[in-house]
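What follows is a single structure, and I will ask about it in a moment.
The values are calculated or read from the model by the stated rules, or taken from the named source; none is laboratory data. Please read all numbers here as calculations on a predicted model, not as lab measurements. Note that each Cβ is placed from the backbone with ideal geometry, even for glycine, and that neighbours are counted across all protein chains shown.
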Amino acid sequence: MSDKLRAYLYLHFCVFIWGFTAVLGKLISLQALPLVWWRVLLCSAALALILPRKQVFGLDRRVFWRLFGIGALVGIHWLCFYGAIKIANASIAVASMASTSFFSALVEPLLLRQKMKWYELALGIIILPGMALVVGNIDWTMRLGFAVGTAGAFLAAVFTSLNKKIVENKPPPPLVISFVELFAGFAVTSLALPFALVNSPELAVLPKEWDWLWLFILAWVCTLLPYYLTLQAMRYVSAFATNLTINLEPVYGVLLAALVFREDKDLNPGFYIGVLIILLAVFGHPLLKKLFDKNEPAGSPAS
């Protein structure tokens, strides 16, 4: 099995796991900020226990702050994602993430100083009619949630491209990258939490009963494992390909939300036509890349 094929298998496995995050976000009674705070706290604590201190404290200071900055973006992205779930619903939140590919087609060449690939931009644009079908089939009360989710999608395009830049240049071990970035997410949400409590004293911070189980699954199964595998995969695939594959998350997320919460009752056939367009773009990308990037060696890291 080639490194690139293994990387794609990692990504598809991660996306399947991420499909459960919207369902878990709906099951957990906490609002977006406390939910993300607990998620990154549990992840950071687990990594702090298993990582050798030399690997963390031996990081170059510039690399540490770059990772910390990326992690801050990750934390804000999750706030947008779970905010969209609470404002609208799980299906809308995962569907809004489909715009990540369009943003990636623009952001990645700029951040990595590469030539923009026309077929990647085209695929990003093709996804937009699917987005229009999705947003056109939700009521006005859900559109704010969709807008918040789309803002999170833009942040995902940015931090994925930045992580791609990190992993291409003699990166630290993936678990060290994960720890610094997740700790940064914890730091950002910790700074925001007191202000949220001042403005909303009734905001619940402590999980209730089953929340603990869902939070541990969310943190350790749906965050740590895919975070590590995605960083491994990005050595061989581009940030655009990563985000395009992640667009399958709406498919898994919508199906799971429909199964668990019966949210399919709020959606008409146009919504699923939009999801089909997303699927075609995802599976069309490897074919177009093979057709137009013939000079790229099969096992080499993606540029």
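Name the single residue that is nearest to Ile28 (Cα to Cα) among those in segment 195-215 being among the acidic types (Asp, Glu) and part of a loop (DSSP other than H, G, I, E, B).
Glu209
Of the conditions (1) in a loop (DSSP other than H, G, I, E, B); (2) closer than 25 Å to Phe216 by Cβ, Met1 satisfies every one except a single condition; which number is it?
Against the list (1) in a loop (DSSP other than H, G, I, E, B); (2) closer than 25 Å to Phe216 by Cβ, Met1 comes up short only on (2).
Of all residues in segment 6-28, which are surrounded by 20 or more Cβ atoms within 10 Å (Cβ to Cβ) and of a type in the set (Ser, Thr, Tyr)?
Tyr10, Thr21
So which residues in segment 46-81 are within 28 Å of Ala151 (Cα to Cα) and among the small types (Gly, Ala, Ser)?
Those that are within 28 Å of Ala151 (Cα to Cα) and among the small types (Gly, Ala, Ser): Gly69, Gly71, Ala72, Gly75.
Quick one: would you say Lys86 is out of contact with any helix residue (DSSP H, G or I) (no Cβ under 8 Å at 6 or more places or on another chain), in a helix (DSSP H, G or I), modelled with pLDDT under 85 and buried (at least 16 other Cβ atoms within 10 Å of the Cβ)?
no
Given the condition of a type in the set (S, T, N, Q) and in a helix (DSSP H, G or I), answer yes or no: does some residue in segment 216-229 qualify?
There is at least one residue in segment 216-229 that is of a type in the set (S, T, N, Q) and in a helix (DSSP H, G or I).
Filter segment 90-126 down to the residues that are in a loop (DSSP other than H, G, I, E, B) and either of a type in the set (D, E, K, R) or buried (at least 22 other Cβ atoms within 10 Å of the Cβ) (or both) and list them by number.
Matches in segment 90-126: Arg113, Lys115, Lys117.
Looking at segment 42-56, can you tell me whether even one residue there is at pLDDT 90 or above and buried (at least 22 other Cβ atoms within 10 Å of the Cβ)?
Yes; the residues of segment 42-56 include at least one that is at pLDDT 90 or above and buried (at least 22 other Cβ atoms within 10 Å of the Cβ).
Another question, then. Restricting attention to segment 156-170, does a residue exist that is free of Cβ contacts under 8 Å to residues at least 40 places away in the same chain and outside any helix (DSSP H, G or I)? Even if it seems obvious, please write down each step before you answer.
In the first step, residues of segment 156-170 are kept if they are free of Cβ contacts under 8 Å to residues at least 40 places away in the same chain; the result is 169-170.
Next cut, outside any helix (DSSP H, G or I) only: 169-170.
Yes - at least one qualifying residue is present in segment 156-170.
Right, next: Which condition breaks for Asp3 when tested against (1) surrounded by fewer than 21 Cβ atoms within 10 Å (Cβ to Cβ); (2) within 28 Å of Leu256 (Cα to Cα)?
Of everything listed in (1) surrounded by fewer than 21 Cβ atoms within 10 Å (Cβ to Cβ); (2) within 28 Å of Leu256 (Cα to Cα), Asp3 misses just condition (2).
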